[in-house]
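The values are calculated or read from the model by the stated rules, or taken from the named source; none is laboratory data. Computed from a predicted model, the values in this text were never measured in an experiment. Neighbour counts run over all protein chains shown; Cβ positions are idealised from the backbone, glycine included.
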Amino acid sequence: MTQTYSISDLAKEFDLTTRAIRFYEDMGLLQPEREGAGGRNRVYTARDRTRLKLTLRAKRLGLSLGEAREIIDMYDSPRDTGPQLKKFLLVLAGHRKQIEEQLADLQANLDEVKAHEKEARALLAKVEKAK
């Protein structure tokens, strides 16, 4: 028998709300089967669990959900993995560049704060010396 998961199982395992999981479903990242009266109960497969895990990893890397879905969908297809890896590397390179730019901006901001602190300390020392 194939392992299945309820929405509550996945929410607990990945520390998410059921609302977040339903959102990922609406975005096409997960495709649970439906059971019960009117198909109200979602039944997630090991494939859905893996896709959710990859989605959360992509989010931590700074990818948009659309980018995550595109890359994860590529792995679902039986095609050659070369194009998939090239696409993944291209997306990662873009995000690395963006993070490096943000880091440079933060470093410049930090340097400016340090300069203002040094200036304020020098002025304070003059004020206290003049007392």
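Tallying residues that are surrounded by 13 or more Cβ atoms within 10 Å (Cβ to Cβ) and either closer than 12 Å to Asp9 by Cα or touching a residue at least 40 places away in the same chain (Cβ under 8 Å) (or both) within the stretch 45-57 yields 5. Of the residues making up the stretch 7-44, those that are among the hydroxyl-bearing types (Ser, Thr, Tyr) and surrounded by 15 or more Cβ atoms within 10 Å (Cβ to Cβ) are Tyr24, Tyr44.
Of the helices (runs of 4 or more DSSP H) lying entirely inside the stretch 13-131, those carrying at least 3 residues that are assigned by TED's automatic domain parsing to the domain that holds Met1 and among the charged types (D, E, K, R) are 18-26, 46-60.
Out of Glu128, Glu119, one residue alone is at pLDDT 95 or above and out of contact with any Lys or Arg (no Cβ under 7 Å at 6 or more places or on another chain). It is Glu119. Against the conditions (1) surrounded by 10 or more Cβ atoms within 10 Å (Cβ to Cβ); (2) under 19 Å from the mean Cα position of the chain (by Cα); (3) more than 28 Å from Thr2 (Cα to Cα), Arg60 satisfies every one except (1).
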